[in-house]
Amino acid sequence: MKVGILGAGQLGRMLALAGYPLGLEFGFFDTVSDAPAGQLAELGVGAYDDEQALARFAESLDVVTYEFENVPVRAAKYLAGHVPVYPPPVALEAAQDRVAEKTFFQGLGVPTPIFHPVLTKNDLLDGLERTDLPAVLKTRTLGYDGKGQFVLREKADVDRAWEALGGQPLILEAFVPFDLEVSLLAVRGRAGGIGFYPLVENHHRGGILRMSLAPAPGLSPELQTQAQSYASRVLERLEYVGVLAIEFFQLGGQLYANEMAPRVHNSGHWSIEGAETSQFENHLRAVLGLPLGSTASRGHSAMLNLIGLKPDFARVLAVPGAHLHWYGKEVRPGRKVGHVTVRADSAGELEAATQAISALL
Ligand code: AMP
């Protein structure tokens, strides 16, 4: 069986690494020739609007999936005319625009931060009349890792916010004074079976994920149930197939959906060593119509991203329970170039090992 993956970044690379033990073959499609998954499998280079290149790519494939959510929906729909494409392109559509995404959540009864679509400066002023400060102004599309965001702390920030982001479709969101940021990784198979990983606690800095703890320490079974109920509605409505990540703000006993990613997700990397079946393997099982694997966690895990730095590998590997993943990318400031997962049998051991790794970064 040969799986085609749109996007050849580290997520695609880790999908391939999870698929080789299952005897799978891979082909990648990306717009750049030096993408990290190209070191593992054949990489077709082309533009997403080049239908001839997409058709050539689809020729020998049994299924197509994607590793990033900004694949143009047209490209996914075009490919779906040649070969099964999972997750369904409608999931891309729902996730690519923050207003559509939050409207979709609300239609399912999934709470979100209060939001207002903003096209003009007047819309922004209007929105601010109806939203308490602080508030967050974001681009509606193509935002990631906190890029394209501006936090307004007082009315006087309007001009600077507009200068930074005005002139493109925007969304103004009430700032949620969250206790924690958590995410739920869910998987749905072609036959409709669903699995959920335990909620993950996420720590961001500068809008970029730095560390994930799984299972989220101290989160109640009620919160897990709440998250699963919200995710089930999304999976069923979209007739979803594959791994889906939903990021939530947790405030008291309530979760507010911030965004979803119709793909494997950085906050699920811990599952490679920390779960019975990794998110990567389960995504492949799902899109191929194979039985899903157990999502149960094995002990306690912490995943730390390597951002813009290459640590001393030997010192990382000397920490008990540490597993290094290097993506084969050139190191640049602010760029995710790898991650380290620490797995331990007790919370105490995890704490000690995580501190040892942090000290090396
Ligand atoms: P996003 O690109 O929407 O995931 O935002 C990146 C990060 O900015 C989030 O992980 C939060 O830490 C923060 N953030 C974004 N939107 C909000 C909000 N409405 N309230 C509070 N924090 C936010």
> Ordering SER232, SER60, SER33 from largest to smallest accessible area (1.4 angstrom probe), what's the sequence?
Replying inline: SER33, SER60, SER232
>> Which of rounded, prolate or oblate describes the stretch 110-149 when judged by the alpha-carbon gyration tensor and an a/c cut-off of 1.5?
In response: oblate
> Per the 1.4 Å probe, what fraction of the accessible area of the stretch 180-360, in percent, lies on carbon and sulfur atoms?
Replying inline: 50 percent
>> Contact order normalised by length for the stretch 180-360, with contacts defined as Cα pairs under 8 Å and 6 or more residues apart; what percent is it?
In response: 21 percent
>> At 222 nm, what value in deg cm²/dmol follows for the chain if DSSP H runs of at least 4 each add -39500 (n - 2.57) and the sum is divided by all its residues, to the nearest 500?
In response: -9000 deg cm²/dmol
>> Once you order the gyration tensor axes a ≥ b ≥ c over the Cα atoms, which shape class does the stretch 114-174 get: rounded for a/c under 1.5, otherwise prolate or oblate by comparing a/b with b/c?
In response: rounded
>> Taking the Cα centroid of the stretch 21-73 and of the stretch 294-322, what is the distance between the two, rounded to the nearest whole Å?
In response: 28 Å
>> If you count only protein heavy atoms and use a 1.4 Å probe, how large is the accessible surface of LYS138, to the nearest 10 Å²?
In response: 10 Å²
>> Tell me which DSSP H helices of the chain clear both cut-offs, 18 Å or more of axial length from alpha-carbon atoms and a mean Kyte-Doolittle hydropathy of at least 0.5.
In response: 347-360
> Using the heavy atoms of the protein chains alone and a 1.4 angstrom probe, what is the accessible area of the chain per residue in square angstrom?
Replying inline: 42 Å²
> Going highest first, how would you order 175-181, 223-229, 243-249 by mean Cβ packing within 10 Å?
Replying inline: 243-249, 223-229, 175-181
> Taking the stretch 180-360 on its own, what percent of its Cα-Cα pair distances exceed 21 Å?
Replying inline: 49 percent
> With charges set only on the Cβ (+1 for Lys and Arg, -1 for Asp and Glu), what does the dipole of the stretch 2-85 come to about its Cα centre, in debye to the nearest 20?
Replying inline: 140 debye
> What is the set of long-range amide H partners of GLY44 at a cut-off below 5 Å, with H atoms built 1.01 Å from backbone N?
Replying inline: PHE28, PHE29, ASP30
>> Net charge around GLY193, counting only other residues with Cβ within less than 14 Å of its Cβ (Lys, Arg = +1; Asp, Glu = -1)?
In response: +1
>> Can you give me the long-range amide H partners of LEU180? Hydrogens built in the peptide plane at 1.01 Å from N, cutoff under 5 Å, separation of 5 or more residues or another chain.
In response: GLN250
> Using a ≥ b ≥ c from the Cα gyration tensor of the stretch 217-302 (square roots of the eigenvalues), is it rounded, prolate or oblate, where a/c under 1.5 gives rounded and otherwise the larger of a/b and b/c decides, a/b for prolate?
Replying inline: oblate
> Quick one: Karplus J couplings for the stretch 179-195, per residue in order, coefficients 6.51, -1.76, 1.60, θ = phi - 60°, nearest Hz, x for Gly and Pro?
Replying inline: 6, 8, 9, 10, 9, 10, 9, 10, 9, 10, x, 5, 8, x, x, 10, x
>> With a 1.4 Å probe and all protein chains left in place, how much of the accessible area of the stretch 114-174 comes from carbon and sulfur atoms, in whole percent?
In response: 49 percent
>> How long are the semi-axes of the equivalent ellipsoid of the stretch 174-257, defined as square roots of 5 times the Cα gyration tensor eigenvalues? Whole Å, largest first.
In response: 23, 13, 12
>> At 1.4 Å probe size, with the rest of the protein present, what percent of the exposed accessible area of the stretch 2-85 is carbon and sulfur atoms?
In response: 48 percent
> Residues with amide H under 5 Å of ASN258's amide H, sequence separation 5 or more or different chain, H placed in the peptide plane at 1.01 Å from N; which?
Replying inline: GLU247, PHE248, PHE249
> Which log10 I(q)/I(0) values, to two decimals, does the chain give at q = 0.07, 0.13 Å⁻¹ under the Debye formula with one point per Cα?
Replying inline: -0.30, -1.08
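The values are calculated or read from the model by the stated rules, or taken from the named source; none is laboratory data. Treat the numbers as computed from the prediction; the structure is a model and nothing was measured. All Cβ positions, glycine included, derive from the backbone under ideal geometry; neighbour counts span all protein chains shown. Surface accessibility is based on the protein's heavy atoms, side chains included, excluding ligands, DNA and RNA. Shrake-Rupley method; radii C 1.70, N 1.55, O 1.52, S 1.80 Å.
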